[in-house]
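Below you'll find the structure, written out as structure tokens, and then a few comments.
The values are calculated or read from the model by the stated rules, or taken from the named source; none is laboratory data. Bear in mind that the values here come from a model prediction, so they are computed numbers and not experimental data. Because the Cβ atoms are built from the backbone with ideal geometry, glycine has one as well, and the counts that use them run over all protein chains shown. Areas reflect the complete protein model, heavy atoms only, side chains present, ligands, DNA and RNA absent. Shrake-Rupley method; radii C 1.70, N 1.55, O 1.52, S 1.80 Å.
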Amino acid sequence: MTDPDTEKRNRRRRWPKDRRTDRYNWELARGPISAFGESKPLTAWAADERCAVGREALRTRLALGWDPADAITRARHEKPDMAFTYNERTLTLRGWAEQTGIKYHTLYNRIMKSGMSFTDALEKGAEGADFALPVTAFGETKTLHHWAVDPRARCVVTTMRRRLAQGWGPEQAITEEPQSRSTLGTGVPHHAFGMSMGLEDWGRHTQIPAGNLRYQMEQYDLPLEAALTSLGWTPNTDAPAEHSLVRITAAELRSGDHILSTDPTAEGGPFLTVRRRSTIPAPPTAPHGPAHSRTPLTRPAPAPAGLSRRASR
């Protein structure tokens, strides 16, 4: 009976060390190699001052079918700067890979190995169900990677996908350019007073916690601008004075109105009951009541040493 370890070693001996031998044509690296109007063997080219890589790397490049001059002079890890134009936009192959979500090597292999035109390679799209998601915008329905190469696209496909997942409208997700600040553009965008940013950024901008803004918007079904107005914030907030209760519609909200309740069932409604601060400060009046009522509360002075708390009273 054959020992299991012996059988395993025998199988290893029968397996070829390199199963990808079909990728290489070693004959291309043998004999005289012509480049720059000269013809020299591999060893001589490897020693040439123009050679940017070692002998084995040069031999492998030639066996893979590289042009001899390119194999000799191209620095290691340097990729050819291939640029392609599609829909009047010109990007390198890596730029198109980032724009569409198609892996660089997938695009490269489609063009260089499969012989596809760049247009066909691009329109074939990326692999994965996320990129095949149909999105309707501007009266058209196309997959996400096709929107990424649309002339109206102002961001890469991964940004579009993230925006859609966060609840952005398709047209805005496609056409809005990314904000220059990393803190902006996060979350669902909300528009107010001519600005657009996520709710967390509105919270930082107005010094009103995002949770308060969200509660005000959801509780009373208000747009952000009305919610900010009801909480007393506008781009130019003036200091108000007195308060009064008024019953108004959402369109009549003013800066500083604080919503107390809502009546969605009222005829012509919904109506809001708000506490409104006066726009004209009330004139100063003589104080009423005893003087001590106007004195700010302070912590009582400590009792003299040796006296009990009861005695100090």
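Odds and ends about this structure:
- Ranked by how many other beta carbons lie within 10 Å on average, peptides 132-140, 40-48 from highest: 40-48, 132-140
- With all protein chains modelled, accessible area of S117 [1.4 Å, Å²]: 60 Å²
- Relative contact order, whole percent, for segment 33-120 stands at 17, derived from Cα pairs under 8 Å and 6 or more residues apart.
- Each peptide in 85-98, 216-229 was scored by the mean count of other Cβ atoms within 10 Å over its residues; highest first, the order is 216-229, 85-98.
- Rolling a 1.4 angstrom probe over segment 108-158 with all protein chains present gives an accessible area of which 52% lies on carbon and sulfur atoms.
- Nearest-10 value in Å² for the accessible area of H105, using the 1.4 Å probe: 110 Å²
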